[in-house]
């Protein structure tokens, strides 16, 4: 499989770069084009030993990595740490989070042989750690041949990926066997790695980093600032309710807006915070809101002081603010779950004491769904009527809403500590690489 994949990736690199460039520019991006093709290398890695390279593809993985990096720094204060991302939104978040922890931040190369080899020669890592489900055959093969110790932490195997891996297991098992450490994020993921035939001594059940990150990252001061920015006095929380529709995808916003229109009669002061999964879709959402005859602000305009909130809808077009906005909400819907995108992290509202509302498509977050539903604190909806009914129930019954939210938050507590457990396993790998 590797020779075939290597040939295909070379052809993609030679012939597909115009598409890659167009794809970035279409989304208003392009900064990552040269670095990811291996044509523009980052600065040399920071001094120190061992040199550990961590990679997460996008925002969710990068945010989850922060507690892990802190634990690694505590356990290996002299280590040289590199954090890479595959997306430009992930890069923006990483640049805020990791330099203060002493880690270098840059892009991850596309899985093209020449780009991979240039990065490996440039960084010369002793340990490479990939988060969740990022498996790139060229990279893993070249790194293994170069003597790099390979780890996959916070391991996740979605329903779709599991079916695919089982179908093509004989082709991918050699790639997986290059990895020396698997840290599964949930019991279900652990069982799926077992079913794939991962060597038992390599496999560990550690829990999910995202829970540590959520419980450590709450910033009440930031919530207070946003409350003032949105003209929401603290004492009026139930009289001026806030509905946050988070990480939404196309098709979900129509459901949210129809629901919001239905709730404006019983709750005329209801504020809608609409946060698309991809902030660059803000102009598209602006046009959709005009079709619904709803006036709105961009959150970036409120933050810059160019506007004062008077309209009933705010589009969240900034990066890094969504998690704190949950601290303002009375109710929250988490997108990617009505449209079939596998879901987003439904535990984020739970960390703020909100019972999350979500759709049925949670293939990537079954572990989180299990945590909430075992506690009786998750609310699944399917369409406009069920979303409207769920919101009416939460807004009409504040005591019940708060009790559900407390159950959701309490459900996270037993799952803390994944960052320390995963860091200890990585340290063992790093120490053995120096012997």
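Computed from the coordinates by the stated procedures, all read-outs in this text should not be read as laboratory data. This structure is a prediction, so every number in the text was calculated from the model and none was measured. Counting neighbours? That spans all protein chains shown, and the Cβs are built from the backbone with ideal geometry, glycine included.
Miscellaneous remarks
- Extension reserve of the residue 234-residue 27 stretch, reckoned as 0.36 nm per residue once the Cα distance is removed: 70.8 nm
- Fewest-first sequence of 298, 285 by Cβ atoms within 10 Å of each Cβ: 298, 285
- Dividing the mean sequence gap of close Cα pairs (under 8 Å, 6+ apart) by how many residues the chain holds gives a relative contact order of 14 percent.
- Put a dot 7 Å past the Cα of residue 178, heading toward its Cβ, do the same for residue 40, and the two dots end up 2.7 nm apart.
- Using a Förster distance of 35 Å, the FRET efficiency for residue 432-residue 166 (Cβ separation, nearest 0.05): 0.65
- Cα-derived Rg over Rh, computed across region 221-414 with Rh taken as Kirkwood radius: 0.93
- Sum of -39500 (n - 2.57) over DSSP H runs of 4+, divided by residues of the chain (222 nm, nearest 500): -14000 deg cm²/dmol
- Were the residues from residue 292 through residue 269 laid out at 0.36 nm apart, the gain over their Cα-Cα distance would be 6.6 nm.
- Of all the options 240, 131, 354, the one that moves most in a Gaussian network model of the chain with Cα springs shorter than 10 angstrom is 240.
- With 0.36 nm allotted per residue and the present C-alpha distance subtracted, the residue 216-residue 75 stretch has 48.9 nm of extension available.
- Region 279-435 - percent relative contact order, Cα under 8 Å, separation 6 or more: 17
- Overall form of region 1-57 per C-alpha gyration tensor (a/c, 1.5; a/b vs b/c): oblate
- Mean-square fluctuations from a GNM of the chain, with a 10 angstrom spring cutoff on Cα atoms, peak among 195, 151, 410 at 195.
- Modelled label reach - residue 254, point 7 Å along Cα→Cβ, region 337-351 residues with backbone N closer than 13 Å: 339
- When the chain is treated as a GNM with alpha-carbon contacts under 10 Å, the residue of 420, 26, 281 showing the greatest mean-square fluctuation is 26.
- Listed from fewest to most Cβ neighbours within 10 Å, the set 22, 114 follows the order 22, 114.
- Residue exposure proxy: 272, 232, ordered by other Cβ atoms within 10 angstrom of their Cβ from fewest to most, comes out as 232, 272.
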